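Trainee: Before I ask anything, here is the structure I am working with.
The values are calculated or read from the model by the stated rules, or taken from the named source; none is laboratory data. Since this is a predicted model, take the numbers as computed values, not measurements. Note that we place each Cβ from the backbone using ideal geometry, even for glycine, and neighbour counts take in every protein chain shown. Surface areas here come from the heavy atoms of the whole protein model, side chains and all, with no ligands, DNA or RNA. Shrake-Rupley method; radii C 1.70, N 1.55, O 1.52, S 1.80 Å.
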Amino acid sequence: MAILNDDDFMSFAIEEAKLAEAEDEVPIGAVIVRDGKIIAKAHNTRENSKCATHHAEILAIEEACRTLGGWRLPECTIYVTLEPCAMCAGAIINARIPNVVYGAPDLRFGAFGSLLDLSELPLNHKPEIKRFIRADDCKNLLGEYFKKKRQK
């Protein structure tokens, strides 16, 4: 069995983002991996659920917590197609997720390096951040979605 890498896991996050797009949601997807296996996956559902907190990362964290039976997510990596916002970055830090891998930067809301960097604050948990994995694919997915929305 082949060992999956960051590009491979980001592909799964991109597939989640495509599911969001099919539901007319902003195409952002997230997967959480532990020991080389996906333990949670989710995509944005804010529009359909009418809930501001239903970002892909939050929903994936909730699923991972249920899967592992606790609120701490040690030895996990979260892969997300767009740089997490402050809410999601805070949830990642609070869940003690040690590794964050994201695709496209978010210049307006990004909280792991673009607008601000919560991982640089003197908090008790500092995740390692890996940026721009399959960034063009992630950015293009978002760009095409908003292009179609503007044409409506």
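Trainee: Hey, among the residues in region 15-39 that are touching a helix residue (DSSP H, G or I) at 6+ places or on another chain (Cβ under 6 Å), among the hydrophobic types (A, V, I, L, M, F, W, C) and under 20 Å from Phe132 (Cβ atoms), which one's surrounded by the fewest Cβ atoms within 10 Å (Cβ to Cβ)?
Mentor: Ranking the qualifying residues of region 15-39, first place goes to Val33.
Trainee: Next question. If you check Thr53 against the conditions, is it out of contact with any Asp or Glu (no Cβ under 9 Å at 6 or more places or on another chain), polar (S, T, N, Q) and touching a residue at least 12 places away in the same chain (Cβ under 8 Å)?
Mentor: On the way: out of contact with any Asp or Glu (no Cβ under 9 Å at 6 or more places or on another chain): yes; polar (S, T, N, Q): yes; touching a residue at least 12 places away in the same chain (Cβ under 8 Å): yes.
Against the criterion (out of contact with any Asp or Glu (no Cβ under 9 Å at 6 or more places or on another chain), polar (S, T, N, Q) and touching a residue at least 12 places away in the same chain (Cβ under 8 Å)), Thr53 qualifies.
So that you can scan it fast, the table gives a plain yes or no per residue for (1) among the small types (Gly, Ala, Ser); (2) under 16 Å from Val101 (Cβ atoms):
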residue	(1), (2)
Ser11	yes, yes
Ala17	yes, yes
Pro27	no, no
Val31	no, yes
Ala42	yes, yes
Leu68	no, no
Pro74	no, no
Ile78	no, yes
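Trainee: Related question: If Ser119 satisfies all but one of (1) touching a helix residue (DSSP H, G or I) at 6+ places or on another chain (Cβ under 9 Å); (2) small (Gly, Ala, Ser); (3) under 25 Å from Ala20 (Cα atoms), what's the number of the condition it fails?
Mentor: With (1) touching a helix residue (DSSP H, G or I) at 6+ places or on another chain (Cβ under 9 Å); (2) small (Gly, Ala, Ser); (3) under 25 Å from Ala20 (Cα atoms) applied to Ser119, the lone miss is (3).
Trainee: Here is a list of conditions, (1) in contact with a strand residue (DSSP E or B) (Cβ under 6 Å, 6 or more places away or on another chain); (2) closer than 22 Å to Glu16 by Cα; (3) open to solvent by 40 Å² or more (accessible area, probe 1.4 Å), and Glu128 meets all of them except one; can you say which number that is?
Mentor: The number of the failed condition is (2).
Trainee: Going through region 40-60 one residue at a time, which ones are surrounded by fewer than 21 Cβ atoms within 10 Å (Cβ to Cβ) and not in a helix (DSSP H, G or I)?
Mentor: Thr45, Lys50, Cys51, Ala52, Thr53, His54
Trainee: Here's something else I'd like to know. Which of the residues spanning region 56-83 are closer than 12 Å to Ala30 by Cβ, free of Cβ contacts under 8 Å to residues at least 60 places away in the same chain and touching a strand residue (DSSP E or B) at 6+ places or on another chain (Cβ under 6 Å)?
Mentor: Selection gives Ala56, Glu57, Leu59, Ala60, Glu63, Ala64, Cys76, Ile78, Glu83.
Trainee: If you take the residues of region 131-152 that are basic (Lys, Arg) and without any contact (Cβ under 8 Å) to a residue 12 or more places away in the chain, which of them is least open to solvent (accessible area, probe 1.4 Å)?
Mentor: Residue satisfying both the conditions and the ranking: Lys149.
Trainee: Have a look at Ala22, Ala2 and point out the one that is more than 16 Å from Asn99 (Cα to Cα) and at pLDDT below 95.
Mentor: Going through Ala22, Ala2 in turn, the sole match is Ala2.
Trainee: Could you list, in sequence order, the residues of region 82-125 that are of a type in the set (Asp, Glu) and either open to solvent by less than 40 Å² (accessible area, probe 1.4 Å) or in a strand (DSSP E or B) (or both)?
Mentor: Residues satisfying the conditions are Glu83, Asp106, Asp117.
Trainee: Which of the residues that make up region 61-81 are open to solvent by 20 Å² or more (accessible area, probe 1.4 Å) and more than 19 Å from Cys138 (Cα to Cα)?
Mentor: Answer for region 61-81, where residues must be open to solvent by 20 Å² or more (accessible area, probe 1.4 Å) and more than 19 Å from Cys138 (Cα to Cα): Glu62, Glu63, Cys65, Arg66, Thr67, Leu68, Gly69, Gly70, Trp71, Arg72, Pro74, Glu75.
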